[in-house]
């Protein structure tokens, strides 16, 4: 086997670019030696553990990953799908060669997860991520141990795909009872239409998590109704005043009625401002106009805070059982 070319740490400029999992495999000119493709993260000098690597994982595309037996065994509930012995004693040649039928892109996510490392800079596709989750289950690695809170790398990787695939991420959270992940992805589901829910997805979500999602949307609409139905403050008027506060109340009711037609859980603050903007310009009384605008600003502020408070809305209404 030829020499290895180990990569240096990536610069900040490179961190946002997709990174190849392994180094290129090349044939040395005029030599029978071949440089094999070695993982950029799990190479022999990676120093990911105080001990030397004693297992070499070889993927179906022939990328070599240098890892540690004790890390794999401690993380796996089935000795890596029964491919690993409990102990590597003198009867077992070292390093132990472990060929796997999966692709290096998928195994790379699995190993980064087991070593508590981020692999975001590899920019794995969503399909690759889904495959890696299946591989984690296959090799007896409990997903809940590596996605228990937002600080775990796999949690962050899953959440990075939430804007494009919110329902799928929510289903993963439901299937594995990943409470923090379900809460984190729920704001991306405010526009979800239950009429589009398939039977297959309903089974994956289960009754509890479907109720949680419905409750989130229902509660947000209830909050919106409560906010817009509250009238602007009225200033005192005397007998000589020409201010028509009845017109203010009527204009507010008309704006509320129009806004009610487009009310939805993901309604934007800008849509609220636009709905109340035109009526607010019609008042000859500057004080009425100021109070009107102040009330609209209160609604916008409280609605934006409600968006940030989606977690409390969900947890208050639907507690997760044991």
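Annotations
- From the options 124, 101, residue that is touching a residue at least 40 places away in the same chain (Cβ under 8 Å) and assigned to a loop (DSSP other than H, G, I, E, B): 101
- Matching residues in the stretch 281-297 - criterion: being without any contact (Cβ under 8 Å) to a residue 24 or more places away in the chain and either buried (at least 18 other Cβ atoms within 10 Å of the Cβ) or in a helix (DSSP H, G or I) (or both): 286, 289, 290, 293, 297
- Among (1) surrounded by 16 or more Cβ atoms within 10 Å (Cβ to Cβ); (2) within 30 Å of residue 159 (Cβ to Cβ), the one test that residue 218 misses: (1)
- The residues listed here are 192, 188; of these, the one that is outside any helix (DSSP H, G or I) and farther than 15 Å from residue 285 by Cβ is 192.
Values in this text are rule-based calculations from the coordinates and carry no lab data. If you're wondering where the values come from, they're calculated on a predicted model, not measured in any experiment. No Cβ is skipped: glycine too gets one built from the backbone with ideal geometry, and neighbour counts run over all protein chains shown.
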